[in-house]
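The values are calculated or read from the model by the stated rules, or taken from the named source; none is laboratory data. Everything quoted here is computed from the prediction, not taken from an experiment. A quick note on method: Cβ atoms are made from the backbone with ideal geometry, for glycine too, and the neighbour counts reach across all protein chains shown. We work out accessible area using only protein heavy atoms, side chains counted, and drop any ligands, DNA or RNA first. Shrake-Rupley method; radii C 1.70, N 1.55, O 1.52, S 1.80 Å.
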Amino acid sequence: MNFSNKIMNWYSKNKRNLPWRKTINPFHILISELMLQQTRVSHVVKYYSNFIQKFPTIEKVAESSEKNILKEWKGLGYYFRAKNLYNFAKLIYKKKFFPDRYHKLIKFKGIGPYTAAAVSSICFSEIVPAIDCNVVRVFSRYFGIHYDISKSLDRTNLSIMIKKIMDVKYPGLFNQAIMDLGATLCTFKKYQCFSCPINDFCFSKNNNVVDQFPKKNKKK
Ligand code: SF4
């Protein structure tokens, strides 16, 4: 089995049971990704379900008011995310066309590279890696990347590396599988390499240096 088969096979049996995993509705996925920015998954679950119940469509959000959207967001924090979502909904409602590619999504305020990649891969099968800190940790350990990947140029290089091994038929599931691996097995401290589906060729596991990755530049 190649890398992609192993990770997809593992994901099919071990994926986290999250409400936004049951849909490929781009607006719902966007809401989940915005809510997840800087916020714990367990905290988002309830807010996501309540929000979707009240505002199931772009129309419902666009026809509402910023005040109402903020009210529904209350308790999640980082309220600029709710404002961005509301403004996005109003623009898209007018255009009557949801941006279906990474380069289109990234033009909207509040949608960064990770969110654009998650939405375009999960909902529109675009072959683009979604790279957040979980994903950086998994791949820096797996490949044994000896430099800090926090800069955007380095992330572009990592993206090229990931594209070579990612599932081209189901890029969204592949991205979600890596996210789940980083959140459950390849965690910051309590990593569980013995249960990991990609442990056979993992550089850091095979060299017993897992705790040395990801590399961070020392602050001057
Ligand atoms: S083998 Fe260990 S370090 Fe390597 S990707 Fe899996 S959990 Fe992470």
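Which is assigned to a helix (DSSP H, G or I), more than 30 Å from Ile198 (Cα to Cα), in contact (Cβ under 8 Å) with a residue 24 or more places away in the chain and open to solvent by less than 40 Å² (accessible area, probe 1.4 Å), of Arg81, Arg141?
Answer to the selection: Arg81.
Mind checking whether some residue in segment 194-202 is part of a helix (DSSP H, G or I) and within 24 Å of Thr23 (Cα to Cα)?
No.
Restricting attention to segment 92-106, report how many residues are exposed (fewer than 14 other Cβ atoms within 10 Å of the Cβ) and in contact with a helix residue (DSSP H, G or I) (Cβ under 9 Å, 6 or more places away or on another chain).
The qualifying residues number 3.
Considering segment 168-182 alone, what residues qualify as being in contact with a Phe, Trp or Tyr (Cβ under 7 Å, 6 or more places away or on another chain) and of a type in the set (Gly, Ala, Ser)?
Ala177
Can you pull out every residue in segment 28-47 that is in a loop (DSSP other than H, G, I, E, B) and either surrounded by fewer than 14 Cβ atoms within 10 Å (Cβ to Cβ) or of a type in the set (D, E, K, R) (or both)?
Those that are in a loop (DSSP other than H, G, I, E, B) and either surrounded by fewer than 14 Cβ atoms within 10 Å (Cβ to Cβ) or of a type in the set (D, E, K, R) (or both): Gln38, Arg40.
Taking segment 153-182 as the search range and keeping residues that are part of a helix (DSSP H, G or I) and among the basic types (Lys, Arg), which one is nearest to Val128 (Cα to Cα)?
Lys163
Can you tell me which residue in segment 159-218 is most open to solvent (accessible area, probe 1.4 Å), limited to those that are more than 20 Å from Met1 (Cα to Cα) and away from the ligand (no atom under 15 Å from the Cβ)?
The residue in question is Lys218.
Checking the condition of a type in the set (D, E, K, R) and at pLDDT 95 or above, which residue from Asp148, Asp167 passes?
It is Asp167.
Please work out if Ile24 is open to solvent by 50 Å² or more (accessible area, probe 1.4 Å), outside any helix (DSSP H, G or I) and of a type in the set (A, V, I, L, M).
For Ile24, the condition - open to solvent by 50 Å² or more (accessible area, probe 1.4 Å), outside any helix (DSSP H, G or I) and of a type in the set (A, V, I, L, M) - is met.
Which pairs have Cβ atoms under 8 Å, sit 6 or more apart or on different chains, and link a residue in segment 154-181 that is over 14 Å from Val138 (Cα atoms) to one that is among the aromatic types (Phe, Trp, Tyr) and not in a helix (DSSP H, G or I)?
Filtered contacts from segment 154-181: Asp154/Tyr147.
Asn50: in a helix (DSSP H, G or I) and either hydrophobic (A, V, I, L, M, F, W, C) or modelled with pLDDT of 95 or more (or both), yes or no?
yes
On the basis of being at pLDDT 95 or above, surrounded by fewer than 17 Cβ atoms within 10 Å (Cβ to Cβ) and of a type in the set (Val, Ile, Thr), does Thr156 make the cut?
no
Can you spot a residue in segment 108-129 that is open to solvent by 40 Å² or more (accessible area, probe 1.4 Å), out of contact with any strand residue (DSSP E or B) (no Cβ under 6 Å at 6 or more places or on another chain), over 15 Å from Phe174 (Cβ atoms) and not assigned by TED's automatic domain parsing to the domain that holds Ala62?
no
For Leu91, state whether it is over 27 Å from Cys196 (Cβ atoms) and touching a residue at least 40 places away in the same chain (Cβ under 8 Å).
Judged against the criteria, Leu91 is not a match.
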